[in-house]
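Here it is: the structure, laid out below.
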Amino acid sequence: MKEIKQNRSVFLLLIILFIGYSYFVYTEGTENVNSPEMNESAIKGRMLWQDNNCSACHQIYGLGGYLGPDLTNVYRRYKDGTKGFFNAGKGSMPKYNFNDTEQENLLEFLKSVNRSGNFPNDSVIETWYGDVEIINGNNE
Amino acid sequence: METMNNKTTFNFLILALVSLMLGMFAGLFSGMQYMLPDFLKEFLPFSQMREFHVSLNVAWIILAATGGVYFYISKENENGLAKGNYQKWHFRLYLLTGVLILLSLFTKNMGGREYMTYSPYLYFPIILGWVLFAINYYKTIVKNISQWPVYLWMWMTGILFMILTYTEAHLWVLPFFRDSVIRDVTVQWKSYGAMVGSWNMLIYGTAIYLMSKIKGDDSIARGKVAFFFYFLGLTNLMFGWAHHTYIIPHKAWIRILAYGTSMTEWIIIGSMIIAWSNSLKSEQKKSSLAYRWLISTDVWVFINLVLALLISIPAINLFTHGTHITVAHSMGTTIGINTTILFASIFYILFKQCTFCMDKYKRQLNFAFYLFHSSFFVFFSSLLYAGYQKGLWVKMVGNKPSFTQMHESLMPAIHTLVASGFLLFVAVLLIAIPLIKALRSQSK
C-alpha cells in the first residue's frame with residue numbers, strides 16, 4: 001500500500017513539473033528578440049507552406065525532409081530572387097502555379113524565418129562538457 | 001463476451017498489418033523518387049508519397065499497440081473488457097478516420113504539419129478515439145485492479161500523454177503559437193518528441209508484459225527497479241525531447257535541461273549490459289517466436305540508445321542535426337524497436353489463441369526473421385553513412401559543392417537504402433500475410 005502511494009505521489013509530482021515546464025517553454029523559453037510576430041502576409045505564406053507540404057522536401061532549422069535544401073536562410077542568399085524558385089518545378093519539385101500575391105506571401109514567410117536565426121549556425125562556442133552556446137545573429 | 005472483444009482486437013491488428021504493408025510500399029516508391037526525380041512526379045509527387053508512407057506506418061504502430069493493449073487488459077481483468085461498445089466504436093472511428101486521412105492526402109487537402117499533413121480537422125475523430133480508449137481502460141483496469149504492475153502504469157501513461165501531446169501538436173492553430181517562428185517550431189517538436197515517448201510507453205509496456213508472461217515471472221513488472229525505470233522513461237518523455245531543437249535560438253535552459261535528462265539514459269544502457277550478461281546463461285523459451293523477436297529487439301534498443309545518447313550531446317548534435325543520421329535514429333526506433341516488439345506481441349496473442357496455428361509457416365517465418373534483420377542492418381547503416389557525408393558537407397566552408405552536387409554524391413548510399421528497403425518490404429510481407437490469415441481465421 002505504501003508503495004502504491006509513493007508511485008502515485010511521484011507520478012503527480014512529475015505531472016505538476018511537466019505542466020510548469022510547458023508553461024515556461026510556451027512563454028519565456030521561446031521569446032526571441034529577432035523573431036517578432038509574423039505579419040498577416042507571412043502568416044498566409046506559412047499556410048501555403050503547410051497546404052503544399054513543403055516540409056516533405058525542405059527543412060527549416062534542419063527540420064523537415066532531405067530531398068531539397070534547407071530554407072532557413074534562403075532569403076539572405078537570394079533576396080527577392082527567391083520567388084524565382086516557387087513555380088520553377090525543377091528536379092523532383094512539383095510545378096506549382098502560385099500567383100503574385102501567393103508568391104509575395106511565401107516570400108514574407110521565408111523572410112520571417114530568416115530573421116529569426118541561422119542554420120547551419122557556425123557562431124557557436126563548444127564547452128568542455130559537450131554543450132554549445134548559440135550566438136544568435138540578426139539577419140535583418 | 002470475450003470472443004466479441006477479441007474479434008474487434010483482431011480487427012485492430014489486421015488493420016495495423018495492412019497499414020504496415022501499404023506504408024512500406026509507399027516508402028519504396030518514395031525511395032524511387034529520391035533516385036529518379038521524374039518518377040510519378042505529376043501523379044503523386046514526393047510531397048504526397050512521403051505522407052502516405054509516414055501516416056500508414058504511424059497507423060501500424062498505433063493500431064498494433066492499441067490492439068495488443070486491448071487484448072492484454074481483457075486478460076488482466078477477469079471479467080474481460082468493460083461493458084459497452086467503446087472498443088467497437090473506437091475501431092469503427094479509426095477505420096473511417098484512416099480512409100479520410102488517405103483521401104485527404106490523395107486529394108492534396110493537407111494543411112497539417114509535418115508527419116500529420118492530413119487535414120487538421122481530423123484531429124477531432126483521432127482524439128475522440130483516444131478518449132474512448134481511456135474510458136475503456138479506466139472502466140476495465142482503474143476501477144477493478146488495485147495492485148498495478150508497471151505495464152499497467154505504462155499503458156495508462158501512454159494513453160493519457162497521447163491525448164495531451166497530440167493536442168499540443170495542434171496548438172499551432174492558435175495565433176499565440178502560430179505567429180512566432182521560434183515558439184511555433186519549438187512547441188511543434190516538443191509535442192512530437194513527447195508523442196513518440198507516449199506511444200513508446202504503450203509499446204515498452206507491452207514488451208515488459210510479454211517478458212513477464214513468457215518467463216512466468218511477474219517480478220520483472222513489480223518492485224522498485226521496474227518503477228525506477230518507468231519514472232526515468234517518463235522524465236525523459238517530459239523533459240528530454242529537445243535534441244531536435246538544440247540549434248533553434250530559444251532559451252538555453254531548454255537545451256541544457258534536455259541534455260541533462262537525456263544523459264540519464266546511460267543508466268538504461270548500463271542495466272541492459274548487466275541484464276544481458278545474466279541472460280546468456282538462460283536457454284529459456286528460445287524456440288518461441290515471440291521470445292525470439294523480443295531478444296532481437298534488445299539488440300536494436302542497445303544500438304539506438306547509443307545513437308540517441310550521442311545525438312543528445314549538443315556538440316555532436318551540431319554535426320548530426322538535419323542529416324540522415326536523424327532519420328537513422330527514427331527508423332531505428334520505429335522499425336528496429338517498435339516493429340519487433342509489435343511482431344512479438346502479435347505472435348504471442350496468436351499463440352495464446354491457437355498454440356499451433358503458426359507452425360505451418362515456421363520455415364517462412366524463420367527465413368523472414370533473418371531477412372528482416374539483415375536488410376534492416378544495411379538500411380540503417382546506409383542512412384548513417386549518408387548522414388555522415390551530409391554532415392561533412394554542411395560543415396564545409398569556402399568553396400563548397402552545391403546542394404545538388406552533394407545530393408548526387410549520396411546516390412550510392414541512397415541506392416543501397418532503397419535496395420535494402422525492398423528486401424525489408426519482402427520480409428514484412430512474409431511475416432504479415434500469415435499473421436493476417438491466422439488473425440482472420442481466429443476472428444471468425
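The values are calculated or read from the model by the stated rules, or taken from the named source; none is laboratory data. Just so we're clear, the structure is a prediction, and the values are computed from it rather than from any experiment. Cβ atoms come from the backbone with ideal geometry, glycine included; neighbour counts cover every protein chain shown.
On the given criteria, is residue B:155 more than 17 Å from residue A:18 (Cβ to Cβ), touching a residue at least 12 places away in the same chain (Cβ under 8 Å) and more than 10 Å from every other protein chain (Cβ to nearest Cβ)?
Spelling it out, residue B:155 is indeed more than 17 Å from residue A:18 (Cβ to Cβ), touching a residue at least 12 places away in the same chain (Cβ under 8 Å) and more than 10 Å from every other protein chain (Cβ to nearest Cβ).
Also, quick follow-up: Tell me, please, whether a residue that is buried (at least 17 other Cβ atoms within 10 Å of the Cβ) and out of contact with any Phe, Trp or Tyr (no Cβ under 9 Å at 6 or more places or on another chain) can be found in segment B:55-71.
So far as segment B:55-71 goes, yes, one or more of its residues are buried (at least 17 other Cβ atoms within 10 Å of the Cβ) and out of contact with any Phe, Trp or Tyr (no Cβ under 9 Å at 6 or more places or on another chain).
Would you pick out the residues in segment B:240-275 that are among the basic types (Lys, Arg) and more than 13 Å from residue B:311 (Cα to Cα)?
Scanning segment B:240-275 gives a single hit, B:251.
Another question, then. Given the options A:29, A:81, name the one that is free of Cβ contacts under 8 Å to residues at least 12 places away in the same chain, farther than 30 Å from residue B:107 by Cα, more than 9 Å from chain B (Cβ to nearest Cβ) and not β-branched (Val, Ile, Thr).
Selected residue: A:81, the only one of A:29, A:81 that is free of Cβ contacts under 8 Å to residues at least 12 places away in the same chain, farther than 30 Å from residue B:107 by Cα, more than 9 Å from chain B (Cβ to nearest Cβ) and not β-branched (Val, Ile, Thr).
Select from segment A:55-77 the residues that are charged (D, E, K, R) and in contact with a Phe, Trp or Tyr (Cβ under 9 Å, 6 or more places away or on another chain) and list them in ascending order.
Within segment A:55-77, just A:70 meets the criteria.
Another one. For residue B:203, work out the one condition from (1) surrounded by fewer than 21 Cβ atoms within 10 Å (Cβ to Cβ); (2) away from every other protein chain (no Cβ under 13 Å); (3) under 17 Å from the mean Cα position of the chain (by Cα) it doesn't fulfil.
(1)
What single numbered condition from (1) at the interface with chain B (Cβ under 9 Å from one of its Cβ atoms); (2) without any contact (Cβ under 8 Å) to a residue 60 or more places away in the chain; (3) under 16 Å from the mean Cα position of the chain (by Cα) fails to hold for residue A:94?
(3)
Now, a different point. Kindly indicate whether residue A:112 is of a type in the set (Gly, Ala, Ser), out of contact with any strand residue (DSSP E or B) (no Cβ under 6 Å at 6 or more places or on another chain), touching a residue at least 60 places away in the same chain (Cβ under 8 Å) and at the interface with chain B (Cβ under 9 Å from one of its Cβ atoms).
The answer is yes for residue A:112.
Look through B:293, B:266 and report the one residue that is over 18 Å from residue B:190 (Cα atoms) and either surrounded by 21 or more Cβ atoms within 10 Å (Cβ to Cβ) or at pLDDT 90 or above (or both).
B:293
Further question on the same structure: Could you tell me whether any residue of segment B:90-113 is basic (Lys, Arg), in a helix (DSSP H, G or I) and either under 22 Å from the mean Cα position of the chain (by Cα) or under 16 Å from residue B:59 (Cβ atoms) (or both)?
Yes, segment B:90-113 contains at least one residue that is basic (Lys, Arg), in a helix (DSSP H, G or I) and either under 22 Å from the mean Cα position of the chain (by Cα) or under 16 Å from residue B:59 (Cβ atoms) (or both).
Now a separate question. Going by the conditions given, is residue A:73 surrounded by fewer than 17 Cβ atoms within 10 Å (Cβ to Cβ), touching a residue at least 12 places away in the same chain (Cβ under 8 Å), more than 7 Å from every other protein chain (Cβ to nearest Cβ) and not β-branched (Val, Ile, Thr)?
no
Examine segment A:118-129 for a residue that is under 14 Å from the mean Cα position of the chain (by Cα) and among the small types (Gly, Ala, Ser), and state whether such a residue exists.
There is no residue in segment A:118-129 that is under 14 Å from the mean Cα position of the chain (by Cα) and among the small types (Gly, Ala, Ser).
Oh, and also: Just give me the residues in segment B:385-442 being within 14 Å of another protein chain (Cβ to nearest Cβ) and among the aliphatic types (A, V, I, L, M), in sequence order.
B:386, B:392, B:394, B:396, B:397, B:406, B:410, B:411, B:413, B:414, B:417, B:418
Please enumerate the residues belonging to segment B:214-224 that are assigned to a helix (DSSP H, G or I) and either surrounded by 14 or more Cβ atoms within 10 Å (Cβ to Cβ) or without any contact (Cβ under 8 Å) to a residue 40 or more places away in the chain (or both).
The answer is B:214, B:215, B:219, B:220, B:221, B:224.
From the residues in segment B:196-226 that are touching a Gly at 6+ places or on another chain (Cβ under 8 Å) and of a type in the set (Phe, Trp, Tyr), which one is farthest from residue B:158 (Cα to Cα)?
Within segment B:196-226, the match that is farthest from residue B:158 (Cα to Cα) is B:204.
Return yes or no: is residue B:326 at pLDDT 90 or above, within 11 Å of chain A (Cβ to nearest Cβ) and in contact with a Ser or Thr (Cβ under 9 Å, 6 or more places away or on another chain)?
Taking the combined requirement at face value, the residue satisfies it.
Right, here's the next one. Restricting to segment A:33-70, give me the number of residues that are without any contact (Cβ under 8 Å) to a residue 40 or more places away in the chain, among the acidic types (Asp, Glu) and either more than 7 Å from chain B (Cβ to nearest Cβ) or crowded, with 19+ Cβ neighbours inside 10 Å (or both).
Count: 1.
Look at residue B:121 and say whether it is within 14 Å of another protein chain (Cβ to nearest Cβ) and either closer than 29 Å to residue B:210 by Cβ or not basic (Lys, Arg) (or both).
Taking the combined requirement at face value, the residue satisfies it.
Another question, then. In segment B:128-151, how many are surrounded by fewer than 22 Cβ atoms within 10 Å (Cβ to Cβ) and over 21 Å from residue B:95 (Cβ atoms)?
Going through segment B:128-151 one residue at a time, the tally reaches 11.
Right, something else. What residue, among those in segment B:152-189 that are surrounded by fewer than 21 Cβ atoms within 10 Å (Cβ to Cβ) and in contact with a Pro (Cβ under 8 Å, 6 or more places away or on another chain), is nearest to residue B:209 (Cα to Cα)?
B:170
Would it be correct to say that residue A:42 is touching a Phe, Trp or Tyr at 6+ places or on another chain (Cβ under 7 Å) and more than 21 Å from residue B:245 (Cα to Cα)?
Here the answer is yes, as residue A:42 does meet what is asked.
Follow-up. Surrounded by fewer than 21 Cβ atoms within 10 Å (Cβ to Cβ), of a type in the set (Lys, Arg) and either at pLDDT 95 or above or farther than 30 Å from residue A:58 by Cβ (or both): which single residue out of B:88, B:108 fits that description?
After ruling out the rest, the residue left standing is B:88.
Looking at this structure, is residue A:4 modelled with pLDDT under 95 and more than 17 Å from residue B:187 (Cα to Cα)?
Answer is yes for this residue.
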